[in-house]
Every structure is written in C-alpha cells, then in structure tokens.
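Rule-based calculations on the coordinates, nothing more; no lab input. Quantities reported herein were computed from a predicted structural model and do not represent experimental measurements. Backbone-built Cβ (ideal geometry, glycine too); neighbour counts: all protein chains shown.
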Amino acid sequence: MKRIPYGQHFLDEDDIRSVVDVLRHGWLTQGPKVGEFEAAVAARVGAKYAVAVSSGTAALHIACMAGGIGKGDTVATTPNTFVASANCAAYVGATPQFSDIDPETLNLDPEKLARTCADLKQVKAIIPVHFAGMPCNMPVIRKIADRFDSIVIEDAAHALGATYDDGRPVGSCAYSDMTVFSFHPVKIIATAEGGMITTNSRALYQDLLRLRSHGINKGDDPPLHPEHAYTDGALNPWYYEMREIGFNYRITDVQCALGTSQLEKLDRFLTRRRELALRYDSILAEIPHVTPTQRAGRSTSAHHLYVVRIDFEAAGRSRASFMRELIARNIICQVHYIPVHYHPYYRANGHRHDRFPVAEHYYEQALSLPLYYELSDEDQDYVIAQIKGLVA
Ligand SMILES: *Cc1c(COP(=O)(O)O)cnc(C)c1O
C-alpha cells in the first residue's frame, strides 16, 4: 500500500525536460537560468529585485547580514516556526527573542509583539513567519517595527503565492525590507534545495548579490581600489574585489530551470491545496476533539500545511500513539512545530520552557495532516476516516 505523507513535491514532464535541457546545453551553475528564475519570481510577487540562493536558510542568513544585524542586536520572532527563523539571528551574533502567537492565526500576536519589543528596548529586526502559508498581519507588524526603528524580514518559506488582506502578494515587500522564500521539496514549489530573497531596495539587492558569492563585488559596484582595477581607463579583465566576508550560497542553473518550470504551475498548486483545505475543514468539523486551524485564512493562505488541533487528552489517546496508529495505516503526519525555545541549544542559551503559553498549548495539540497537490479526494477521505476511527 502506498504511503500518504504530510507533504510532497509534484514534478511533471515539463519540469524534467527543463532540467535535462540545462544538462545537455546549459552552464550548470550561475548561468542565465538563475536570472530567469529571479525575474520570474520577482514578477510573480511584485518585487523590484530577487536574489536566488542555495536554501531558505542561506537566504535568511544573508538577509540578516544585509540588514546590518550583528553582535549585541536583538531579533524578535515566533516560537512556532522551524529553527532556521531564529538561527539566522544567531549566525550573525545577534540574540533571537521569541514572542507568543495568536491562538487563531498561529502567527505572531501583534499586541504581544508590541509588548515584547517594548520590554526588549532594542529590537534590530522582526522576523514574522507566515505559518502554514497564512500571512501575518503585516500592516500592524510594520507599524510596530517603525516604532522601534526595526527592519522587517518576512520568513515566507511557507507562503509563496499567498496574499495579504489587501490583495497584494507576499514577497512584494509592501510591509517589509526583505522577504525570504524556500524551495525545499515540501514547500509550495521545489528546486531540490533553494531559496530566494525579494526586496525593493537597490542597496540591499547589491549587498545580497555580494554576500551570496564570498562578498565579491557584483552588479555595478564601483571598485574600491581603482588603482588595481583599471589599466588605461578600462577594467582589467581578471579583476574582482572581495570587499566583505561572504559565502558560497549560490544556486545552480539546473535548480533554477526547475524552479522556473515549477513556478508556471503555482496557480494550479495553490488552487488544489485550497480545495483540499476546504474539504478537510468541512468534514473534520464534524469529528469530536478535532478542530481545524486558520480557517480565516482560506482566501489568502498558500496552504503549505494543513494543521488540526486534537484534544488528545479528551480523546483518551496520546499523540504518540495516535501518530503510530496512523503510520501503521500508511499515513505519515508531522508536528509543526516543536516551539523553538524548547530545543536544547536555546534552552542552554537562557530560553525558559514556560514563557509562551499560547504556543506551548498549541504545540500539545498540533498535528499536520497530509496536504499536497497530488493528494486525491479518495486518499483524503481515507485519512479522514482513519482519524475519525482513532478519536471515536
Ligand atoms: C523550510 C523553512 C526554512 C528553511 O528553508 P530551507 O530551504 O530548508 O533552508 C525557514 N523557515 C521556515 C519557516 C521553513 O519552513
């Protein structure tokens, strides 16, 4: 019997052809496909600039560097996220601080965020995460950021194709300085590994291009050492400058060809994910102890995950036993997320276990059910029937 995972990528013959075409005729890395993919994503989300990198984590890292976050700075984010959203602050020597979530949206609670920022006094950046693909209340978060003179980096790893309440696309940076996407296979579109930063700032764009490739000058950076750069007024053919410390976070042409091909299917992906989410909503609402989440986001979310809350205590079965029973039925669910401050690294760095009651209570009940483009109605019905059987 086939396995039904919580998430899965979808590839068609066009995707495969686009990759094979690069292998036969292309440059492999950093050729024309990178720029094509960047231009396609920038156009789709309505941003001026886009920089593609090797992963969403790399994107978060250099976004923090370009944002000028460093030693002694504090960065505010949500505990209900993948560890990368907080780790990026630690990479640059800053301290991530968490702020509790809203029980309905499961995103940062803006009121609590304002209080967290006031308590912290200095907040260099806010990193909101559009959990499961549902956008945060960005107009309010932007206002809070402005009050504390903070920059805003959206972690939109779940949210390619989502829109704010005003209809503008996530990634347009209408309320942020930079937005970060991931193209890991469980996310909305896949490049195997891959990520991107979008921005409307030319200066940030230039910084990001350099940081992606060792801190070496790119684009139209004028040389800092013109005496080495020019002979008889013309740029020396071998010349480049490393002006700051950067990384090899480059993505390949092979991956970007796949990304561009995947992006063409984004609307199909989003439509099917929404349809499946609405189907889950209507059927699961009838089942005792099971509560769908984020129902208010059905028209704006990218629906990366479908999360239910299950009152395991009332259902008389632990989550571990529940998940094991599902695995025995070939249904592989997951929990998103273990609160970031629960991890030993954060614990060792002074984060206590009992500070974010909403996120902590949510974690006790959370379960992500299978949701992906190719999930059939029949398989979804099978999943629902097994869950019903286990809570009854
Ligand atoms: C997946 C993910 C990332 C990291 O992206 P990678 O491409 O896997 O490095 C960051 N933040 C969130 C919320 C994610 O889900």
Listed peptides 21-29, 62-70 by packing density, highest first (mean Cβ within 10 Å)
62-70, 21-29
Using the Karplus equation 6.51 cos²θ - 1.76 cosθ + 1.60 (θ = phi - 60°), what ³J(HN,Hα) coupling, rounded to whole Hz, does each residue of region 7-20 give in order, writing x for Gly and Pro?
x, 6, 7, 10, 10, 10, 4, 4, 4, 5, 4, 5, 6, 4
DSSP bridge orientation in region 9-154 - percent antiparallel, rounded to nearest 5:
10
Can you give the log10 of the normalised intensity I(q)/I(0) at q = 0.10, 0.13 Å⁻¹, computed with Debye over equal Cα scatterers of region 266-391?
-0.35, -0.58
Residues with amide H under 5 Å of I332's amide H, sequence separation 5 or more or different chain, H placed in the peptide plane at 1.01 Å from N; which?
I4, Y6
Set Lys and Arg Cβ to +1 and Asp and Glu Cβ to -1, take the dipole of region 156-237 about its Cα centre, and tell me which of F183, V170, P223 lies farthest positive.
F183
Give me the three principal axis extents of region 144-290 from the C-alpha atoms, as integers in angstrom, largest value leading.
77, 43, 25
Net dipole in debye of region 345-392 [+1 Lys, Arg Cβ; -1 Asp, Glu Cβ; about Cα centre; nearest 20]:
520
Residue-averaged [θ]222 nm for the chain, counting only DSSP H segments that reach four residues, each worth -39500 (n - 2.57)
-11500 deg cm²/dmol
hull vol. (C-alpha, convex hull) per residue for region 13-263, Å³ -> 127
Taking the alpha-carbon centroid of each part, what is the distance from region 94-153 to region 274-315 in angstrom?
25
So, with +1 on the Cβ of K and R and -1 on the Cβ of D and E, and no other charges, what is the size of the charge dipole of region 13-263 about its Cα centre, to the nearest 20 debye?
180
GNM, the chain, Cα, under 10 Å: largest mean-square fluctuation among A52, A159, A277?
A277
Could you give the radius of gyration (one decimal) and Dmax (whole number) of the Cα atoms in region 1-146, in Å?
18.9, 57
As a percent rounded to 5, the proportion of antiparallel DSSP bridges among beta bridges in region 13-263 is 55
